[in-house]
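Q: The structure is given below, and queries will be raised subsequently.
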């Protein structure tokens, strides 16, 4: 991915090294994760997933593990303590990708929606963090909190993505960021709130289906970003699309359930199967059209 020459976002909050403290956040809400989490390698394989990862993927409510606006001009805060050059490069990369999503969605909102795009902030943290959706552990993986319009990511997830989820490459990392920004777009368009309201009135199985459709639409939106960024700034290099498709495949509910417990229960899916996630990312990157990402108006995902 050609990211080095792009601009850097000012909407980064660097809370690495701060640590989280329980009880600070009192507002409700539900964090929306990309679907990747941190596992424990055992005997050379993927091994046994942490309890939080199991909850996220096996149909549990992430808000239970969480304890419960507009970015304006934005700002960049530095973390206390020393960090490695490799980690700072990841910060630089994340800031560059976020900036690219900002430029892309500003243009899409202006041209296709007719309203201004409100930029999210992205919070870098280590270990745990307090959000408006509650207290979160890094084991959940990256997530978006609609209550404070922030994307949260522990940079160690990039290593998990490469080694534990078998999805290496900088564009695989960019896909994760773009997916969470896709949830922000859903929030701005009112899609997320409509889904949450519907989920309160239906069965658990139907609520999970709505969650899957929300996640697959975010995958499609991430593909829309990649399409427009490529057309405008030629960011893609050979193999980048394959990296993103592989990442989408590796974090499908079916693959993660099979790796964690040896069998699959589709009714408990909350993010979509590997095939579905690949299909909807491909739909977005091939068409670049928001209208082609309406996962709520198709019979078969």
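Q: When 228, 271, 179 are ordered from fewest to most other Cβ atoms inside 10 Å of their Cβ, what list results? Mind showing how you got there, number by number?
A: Details: 228 22, 271 27, 179 32.
Result, fewest neighbours first: 228, 271, 179.
Q: For 189, 122, what's the fewest-to-most ordering of other Cβ within 10 Å of each Cβ?
A: On the way: 189 15, 122 27.
Starting with the residue having the fewest Cβ neighbours, the order is 189, 122.
Q: What whole-number value in cubic angstrom gives the convex hull volume per residue for the C-alpha atoms of the stretch 118-231?
A: Details: hull volume 13.3 nm³, N = 114.
Hull volume normalised by residue count: 116 Å³.
Q: What is the calculated FRET efficiency for residue 298 to residue 89, with r their C-beta to C-beta distance and R₀ = 41 Å, to the nearest 0.05? Before the final figure, lay out the partial values.
A: On the way: r = 40 Å, r/R0 = 0.97.
Once rounded, the FRET efficiency stands at 0.55.
Q: Now, a different point. According to a simple spin-label model (label point 7 Å from Cα along Cα-to-Cβ), what is the distance in nm between residue 113 and residue 200?
A: About 2.3 nm separates the two model spin labels.
Q: Rank these for me by crowding, 297, 170, going from fewest to most other beta carbons within 10 Å.
A: Numbers: 297 7, 170 17.
If I rank by nearby Cβ atoms, fewest first, I get 297, 170.
Q: Continuing with the same structure: Give me the one-decimal Kirkwood hydrodynamic radius in Å for the stretch 199-298, with the sum taken over alpha-carbon pairs.
A: Hydrodynamic radius (Kirkwood, Cα pairs) of the stretch 199-298 is 14.2 Å.
Q: Sorted by mean Cβ packing within 10 Å, highest first, what order do the peptides 280-291, 257-268, 214-225 take?
A: Working: 280-291: 19.2, 257-268: 13.9, 214-225: 28.1.
The most tightly packed comes first, giving 214-225, 280-291, 257-268.
Q: Would you give the gap between the C-alpha center of the stretch 124-156 and the C-alpha center of the stretch 179-251, rounded to a whole Å?
A: Taking the Cα centre of each part, the stretch 124-156 and the stretch 179-251 sit 18 Å apart.
The numbers here are math on the coordinates, done by the rules we state, and not lab data. Here the structure is a predicted model, which is why all the values come from computation and not from measurement. FYI the Cβ positions are ideal-geometry reconstructions off the backbone, even for glycines, and counts take in every protein chain you see.
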